[in-house]
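Asks: Please read through the structure below; I'll follow up with questions.
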Amino acid sequence: MARSRFIGDKGLTARMTLVMFLLGGLFVLLVVGLAATVGGGLGILIGLGGIGFAVFQWSRSDKIAMRAMGAREVSPEQAPELHGMIDRLCALADMPKPRVGIAETHVPNAFATGRSPDRAVVCVTTGILQVLTSEELEGVLAHELSHVAHRDVLVMTVASSAGIAAGMLTQGAQYGGLGLLGGRRDNNNGLPVWLVVLVVSLVVYAVSFVLLRLLSRYREMSADRAGAYLTMNPGALASALQKITGEMNAIPERDLRQVSAASALCIAPAIRGVSLKTLSSTHPSLEQRLEQLARIQAELGRPTV
Amino acid sequence: MAGFWQAITGRTRPKQADLDALFLVPSAAITLQTAIGLTPTGTGSVCYRAARGAGFADTQTDVLELIRGAADAPQVDVSGDEFGFTWLTVHRDPDDMGGLCTDLHAVNTTLELEGFGPSLLCSTVPFVDSAGRRVALVYLYKQASFYPFAPGAGGAAKQRDTLLELQVGETLAAEIPVEKDKARWLALWGAPGL
């Protein structure tokens, strides 16, 4: 039996599964909670609404993200090196080749989006093409292709449906929509129904926000792992991450805000975390990512016996 | 189900290479010679990604020693390309296709035994006809399928001889698994022997 140099990470998988379980539980809690306060039909309606909106976002994800980043698709003739690199990585990983896009911005970044591996887009900015060497760029592309292979857009969108449903409820309260529900049932405990709904949805929204960020960081770590194993060169991804995060913090805040909408899918976040950084950041810290890459490097370089 | 679980947990495993189909090359070579007049050039290459560190360097040394240590030791050389892949090329007598495939297979199995199977990209066996047209039979390890790659005449512009590629693909379709998805017929400009 051939030996394997692929090391699993049980801890990461366990944490990720737990977070996804909690997010699912949150969704059920919201629907059941609504059903109990304002009636079963409406609870299910809101739940379906949340899922429906998430599915809509997911099916349009490539167009939404490409537009947010101002990216255009490029053909193999326009960017032969980039296409050649992705061709080889896809042949190594045995996955369908995604479309390739380039965004004209100096912020060095890359992202992958699209509803399925067959319909995916991998996009890089002109900034990242200038900053990175071809080895480092390959590491970044392998990371993005891993997002595609892991169907991260789908997983993150489904995971966010509780948050979306709760957000819709809060918005509804803003426009007084929930006021209409007030008269539907007598409540003996004195609290108006719309207030209960508002509080529940705010709590669900807050909890789902934190859990989603946690999930996003785990998915990033997974993509780093898979990407490093694909290129067999964790060092290149490590130096690319160091370069990108360094460059990113050197760029003025105003430019960064313009691209914040798509940052959850980028290789390094384009927004600077301010307070509550550990709870609310979409990406793990550089140290965590470098530590993991160092472990993979050690395993790949282990001498033969 | 396995794919679903891998997606949920974000743990796709590196795809292992499929090595056995490589032994179909000798019979395909005979077909190419009789049907299209393409003869083997006697070289064959394995293209892989070298991992960093001592583990891979040792393995590569082992591979070279293994091939050079054989009784009828062929000439072997190692080169790199601009995409960071390593090409290990074996030169044999053009008539000895069986020996060439055994050499290439020895490279693959050694890499796989040391846990570097996922780093294998492709293997090429170039052919040439009397008019000087060259075409390589490329084996994709992860898809376990073959495809032809023919650089166009002239060589200045990177243009492929698509008609020759299609002809070779159709000729061999009954004998070897030819890659059906043409998007995976990746160009290998500057591959050894082309």
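Asks: Residues of the stretch B:147-181 being more than 17 Å from the chain's Cα centre (by Cα), under 19 Å from A:G84 (Cα atoms) and touching a residue at least 24 places away in the same chain (Cβ under 8 Å), which ones?
Replies: Hits for the stretch B:147-181 are B:K158, B:R160, B:D161.
Asks: Failed condition for A:D94, given (1) touching a strand residue (DSSP E or B) at 6+ places or on another chain (Cβ under 7 Å); (2) among the acidic types (D, E); (3) on the phi > 0 side of the Ramachandran plot, with all others met?
Replies: Going through the list (1) touching a strand residue (DSSP E or B) at 6+ places or on another chain (Cβ under 7 Å); (2) among the acidic types (D, E); (3) on the phi > 0 side of the Ramachandran plot, A:D94 breaks only (1).
Yes/no per residue for (1) more than 10 Å from chain B (Cβ to nearest Cβ); (2) over 30 Å from B:K15 (Cα atoms); (3) of a type in the set (A, V, I, L, M, F, W, C):
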residue	(1), (2), (3)
A:I46	yes, yes, yes
A:G50	yes, yes, no
A:W58	yes, no, yes
A:R72	yes, yes, no
A:P80	no, no, no
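Asks: To continue, here is another question. Please find, within the stretch B:120-148, the residue that is surrounded by the fewest Cβ atoms within 10 Å (Cβ to Cβ) out of those that are of a type in the set (A, V, I, L, M, F, W, C), within 12 Å of chain A (Cβ to nearest Cβ) and out of contact with any Ser or Thr (no Cβ under 7 Å at 6 or more places or on another chain).
Replies: Ranking the candidates gives B:A144 first.
Asks: Next up: Can you name every residue in the stretch B:155-169 that is surrounded by 12 or more Cβ atoms within 10 Å (Cβ to Cβ) and either at positive phi or of a type outside the set (G, A, S) (or both)?
Replies: B:G155, B:K158, B:Q159, B:R160, B:D161, B:T162, B:L164, B:E165, B:L166, B:Q167, B:V168
Asks: Okay, next question. Taking strands (runs of 3 or more DSSP E) that fall entirely within the stretch B:1-119, which contain at least 2 residues that are touching a strand residue (DSSP E or B) at 6+ places or on another chain (Cβ under 8 Å), surrounded by 21 or more Cβ atoms within 10 Å (Cβ to Cβ) and within 14 Å of chain A (Cβ to nearest Cβ)? Can you show your working first?
Replies: On the way: elements: B:43-48, B:75-80, B:86-91.
It comes to B:43-48.
Residue-wise test of (1) more than 25 Å from A:T17 (Cβ to Cβ); (2) buried (at least 24 other Cβ atoms within 10 Å of the Cβ); (3) at pLDDT 90 or above; (4) of a type in the set (A, V, I, L, M).
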| site | (1), (2), (3), (4) |
| --- | --- |
| A:S201 | yes, yes, no, no |
| A:V210 | no, no, no, yes |
| A:L214 | no, no, no, yes |
| A:G235 | yes, no, yes, no |
| A:A238 | yes, no, yes, yes |
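Asks: Can you give me the number of residues within the stretch A:27-55 that are within 19 Å of the chain's Cα centre (by Cα) and aliphatic (A, V, I, L, M)?
Replies: Looking only at that region, the number is 3.
Asks: A follow-up question, please. Could you please find all residues in the stretch A:146-170 being within 18 Å of A:R60 (Cβ to Cβ) and not in a helix (DSSP H, G or I)?
Replies: A:R151, A:S160
One line per residue, one yes/no per condition, for (1) within 14 Å of another protein chain (Cβ to nearest Cβ); (2) closer than 23 Å to B:K142 by Cα; (3) modelled with pLDDT under 85:
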residue	(1), (2), (3)
A:A68	no, no, yes
A:S75	yes, no, no
A:H83	yes, yes, no
A:R88	yes, yes, no
A:A91	yes, yes, no
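Asks: Determine, yes or no, whether A:V155 is more than 19 Å from B:A183 (Cα to Cα), among the β-branched types (V, I, T), within 11 Å of another protein chain (Cβ to nearest Cβ) and touching a residue at least 40 places away in the same chain (Cβ under 8 Å). Walk me through how you get there before you give the answer.
Replies: Numbers: more than 19 Å from B:A183 (Cα to Cα): yes; among the β-branched types (V, I, T): yes; within 11 Å of another protein chain (Cβ to nearest Cβ): yes; touching a residue at least 40 places away in the same chain (Cβ under 8 Å): yes.
So A:V155 passes the test.
Asks: Would you mind telling me which numbered condition in (1) part of a loop (DSSP other than H, G, I, E, B); (2) buried (at least 22 other Cβ atoms within 10 Å of the Cβ); (3) under 14 Å from the mean Cα position of the chain (by Cα) B:L194 fails?
Replies: Checking B:L194 against (1) part of a loop (DSSP other than H, G, I, E, B); (2) buried (at least 22 other Cβ atoms within 10 Å of the Cβ); (3) under 14 Å from the mean Cα position of the chain (by Cα), the one that fails is (2).
Asks: Can you tell me how many residues within the stretch B:120-155 are closer than 28 Å to B:L64 by Cβ and part of a loop (DSSP other than H, G, I, E, B)?
Replies: 4
Asks: So, one more: Can you say whether A:S75 is among the hydroxyl-bearing types (S, T, Y), under 18 Å from the mean Cα position of the chain (by Cα) and surrounded by fewer than 20 Cβ atoms within 10 Å (Cβ to Cβ), as far as the supplied structure shows?
Replies: No.
Asks: Considering (1) surrounded by fewer than 16 Cβ atoms within 10 Å (Cβ to Cβ); (2) closer than 30 Å to B:A57 by Cβ; (3) of a type in the set (K, R), say which one B:K180 fails and leave the rest.
Replies: B:K180 satisfies every listed condition except (2).
The values are calculated or read from the model by the stated rules, or taken from the named source; none is laboratory data. This one's a predicted model, so the numbers in the text were calculated from it and none came from an experiment. Glycine gets a Cβ as well: all are built from the backbone with ideal geometry, and neighbour counts include every protein chain shown.
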